[in-house]
1. Could you please rank Ile10, Ile40, placing first whichever residue has the fewest other Cβ atoms within 10 Å of its Cβ?
2. Contact order normalised by length for the range 20-86, with contacts defined as Cα pairs under 8 Å and 6 or more residues apart; what percent is it?
3. Size of the dipole of the range 37-184 about the Cα centre, Lys and Arg at +1 and Asp and Glu at -1 on the beta carbon, nothing else charged, in debye to 20?
4. Report the residue, chosen from Ile136, Ile58, Ile101, that carries the largest GNM mean-square fluctuation when the chain is represented by alpha-carbon nodes joined by springs under 10 Å.
5. Calculate, for Ser20 and Ile49, the FRET efficiency according to 1/(1 + (r/R0)^6) with r their C-beta to C-beta distance and R0 35 Å; round to the nearest 0.05.
6. Between beta-carbons, use under 11 Å as the cut-off and find the net charge around Ser5, counting Lys and Arg +1, Asp and Glu -1.
7. In nanometres, what is the gap between the two model label sites at Ile58 and Arg119, each 7 Å from Cα along Cα-to-Cβ?
8. If I stretch the segment between Ile97 and Thr162 completely, what's the gain in nm (0.36 nm per residue apart, minus their alpha carbon distance), one decimal?
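Every number in this text was worked out from the coordinates using simple rules, so none of it is lab data. Because the structure is predicted, anything quoted here is derived from the model rather than measured. So basically every Cβ, Gly included, is an ideal-geometry build from the backbone, and we count neighbours across all protein chains shown.
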Amino acid sequence: MSWRSKRIWIELIAGSRKTSNLCWAFILFLGSLGFLLVGISSYLGINLISLFLSQQIIFFPQGLVMSFYGIAGLFFSSYLWCTILWNVGSGYDLFDIKERIVCIFRWGFPGKNRRILVRFLMKDIQSIRIEVKEGIYARHALYMEIRGQGAIPLTRTDENLTPREIEQKAAKLAYFLRVPIEGF
């Protein structure tokens, strides 16, 4: 999603609060909870989950391994839920023609470096670069080349844009910033 006027372009960046992440976190939580309950059922000898008979699963080694997988899955699930709660990776790209500055802001993990803000002058922008990787995992990415700092990615790694969409986005941004495009 973006907002644009004659002098300012704001590109909103979606973070980890996506439907797919919510689905995976929910599935991982339920699956790992199931593994843990089956492991505990085999240890206690009672049926905590009615689908499995605790007498069929011996605690050592099956129940122990299922308990381990359940605990590990709960840790991964809690990590996913925390990234969703904190909306890690969200932010915005601000291009201000009037002030001649570019601001790239992202939210990170909690701590003293939670706010990630990169500011630089528009005169330091060398070009907008399109990178295309073909193959099984084809990927199209958009970068901004900054003098003395290298390339800053402008598209997410999981953002699946078609070659035409990435070219249009690069052309509009390059025209707005009055810089050349590399990588066609």
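1. Ile10, Ile40
2. 45 percent
3. 540 debye
4. In the Gaussian network model the winner is Ile136.
5. 0.80
6. +3
7. 6.7 nm
8. This chain segment gains 20.6 nm when fully extended.
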